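The values are calculated or read from the model by the stated rules, or taken from the named source; none is laboratory data. Treat the numbers as computed from the prediction; the structure is a model and nothing was measured. Note that each Cβ is placed from the backbone with ideal geometry, even for glycine, and that neighbours are counted across all protein chains shown. The protein model used for the area step is the full one, side chains on, heavy atoms only, and it has no ligands, DNA or RNA in it. Shrake-Rupley method; radii C 1.70, N 1.55, O 1.52, S 1.80 Å.
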Amino acid sequence: MKKVLLFTDVDFWERCSGHRVRIAALIQYLSAHFCLTVVATGPAHDSVESLVRNKYGIELVILEHARHLDSNDYGAKLKSLLESRHFDVLIVEYIHSSYCLNFLPYDCHVILDTHDIISERTAQFKKFNYGGSLYEMQDNDEADIFNIYDHVMMINQPDFDKACLMVDRQKVLLCPHPSEIYCHELRPEVRKIAFIASCYLPNVDSINHFVAHCWDKIRAKYDVELDIYGTVCTEINCSDKKGINLNGFESDLHKIYEEADIIINPVRFGAGLKIKNLEALAHGKPLVTTRHGARGMETGANGVYSIADDDDAFIAALSELIQNRYLRETRQRLAHGFITKNFSSSECFKPLYDAITEFDITQ
């Protein structure tokens, strides 16, 4: 059985944001098919290794529990670990952690899990006047780093297509995010509209824009409430608004979706695949999002879910769902079929499985 090492600086065991959920899903898949060890930079509390071992059945190594280190110190700790351990494959989470490749004491197959194309994210942030908010990169520099790897994983089709223009197409793996189907009772009337998000800047921008420009018009027409969940709640300006409930972080997603009648994601910019949208569809909930929010799931647009790219369209799409129970029932059925067909675990990670199993270090 191939021995796989996954390297990350993300505390994926917290599962309070999309990128953490993505890494956790990847770990769950890899652990079922390979001998997996995860190395996390830390810092982290002392009990996290046993917590992860009990939850995922894998070995977790924290390089530093107590404090943040610089990349050279993390790299030295990783090199020390690998001098007595051999792995066939190294998977690196996010391009900014590529420094770890400088500390490998032997050759192995190296794979980058990109999550986002950073040059694309850079352009998007600048378009909405948020330039400099996160680390930035130009596409030629990003392509140079991609070329260091044997393979690079892309999370949606648009990113895959762009990556194939940046590097050899044979390097690029399309690995969307998998989702499981959950069933909830459909209520006859809409009472709860929900938004679930971390405090990632595009989420903050999107819900504050929706609250400022759309919510009062919805509230004036319908007796509905807006339930907001997640760490995004700390960044929302709604003190003068009625019918908005800031619920904070809720670990039980099933509870959230059980109470919600419609899910919104009015995100205007960013990168990658919007995992919150997949989760909404997997739970069979009617979804209203933007064209940007639908990146990577375009084939379901305006059939499986609603697309709205300006305030009036968003209000109209929500109004249609609130008024039309049959439409909500249809969306629930289509959503489950869409997820089953396109986002099963075996389907999403098959290219990665093939890349790992077909690789032979002796070649």
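Here is how the numbers come out for the structure above:
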item: Protection proxy ranking, peptides 34-47, 197-210, average beta carbon neighbours within 10 Å, highest first; result: 197-210, 34-47
item: Backbone HN-Hα couplings from phi across the range 206-216 [Karplus 6.51/-1.76/1.60, Hz, Gly and Pro as x]; result: 5, 6, 5, 5, 4, 4, 6, 10, 10, 4, 4
item: Sequence ranges 221-227, 236-242, ranked by mean other-Cβ count within 10 angstrom, highest first; result: 221-227, 236-242
item: Carbon plus sulfur fraction of accessible area for the range 206-306, probe 1.4 Å, in percent; result: 46
item: Cα shape, the range 30-113, gyration tensor, a/c 1.5 rule; result: oblate
item: Cβ-Cβ FRET estimate between Leu186 and Ala123, R0 fixed at 41 Å, reported to 0.05; result: 0.55
item: The range 168-181 - phi-based ³J(HN,Hα) in whole Hz, Karplus 6.51/-1.76/1.60, Gly and Pro as x; result: 4, 4, 5, 7, 8, 10, 8, 10, x, 8, x, 9, 9, 7
item: Mean Cα-pair separation over length for the chain, i.e. relative contact order, pairs under 8 Å, 6 or more apart, %; result: 15
item: Local electrostatic count, Val10, Cβ distance below 14 Å [Lys/Arg +1, Asp/Glu -1]; result: -3
item: Whether the chain is rounded, prolate or oblate, judged on the alpha carbon gyration tensor where a/c under 1.5 counts as rounded; result: prolate
item: Using a Förster distance of 25 Å, the FRET efficiency for Glu298-Asp240 (Cβ separation, nearest 0.05); result: 0.10
item: Additional length obtainable on full extension of the chain from Gln170 to Tyr353, 0.36 nm per residue less Cα span; result: 64.4 nm
item: Inter-centroid distance (Cα atoms) of the range 247-265 relative to the range 124-153, Å; result: 32
item: Long-range HN-HN contacts of Gly296 with modeled amide H, under 5 Å; result: Gln157
item: FRET efficiency, Lys217 to Ala32 (Cβ-Cβ, R0 45 Å, nearest 0.05); result: 0.40
item: Cβ-defined net charge surrounding Phe128, 12 Å radius [Lys, Arg +1; Asp, Glu -1]; result: +3
item: Candidates per trypsin sites (Lys or Arg not before Pro) in the range 260-307, loop by DSSP, up to 16 other Cβ within 10 Å; result: Arg291
item: Neighbour net charge for Asp309 - beta-carbon separation under 12 angstrom, K R +1, D E -1; result: -1
item: Computed [θ] at 222 nm, deg cm²/dmol, the chain (DSSP H ≥ 4; -39,500 (n - 2.57); rounded to nearest 500); result: -12000 deg cm²/dmol
item: Å² per residue, accessible surface of the range 145-254 at 1.4 Å; result: 48
item: Reach of Lys221 by Cα under 19 Å, taken over lysines that are not fewer than 8 positions away in the same chain; result: Lys192, Lys241, Lys242
item: Calculated from backbone phi, Karplus (6.51, -1.76, 1.60) coupling profile of the range 298-309 in Hz, x at Gly/Pro; result: 4, 5, x, 4, 6, x, 7, 8, 9, 10, 8, 10
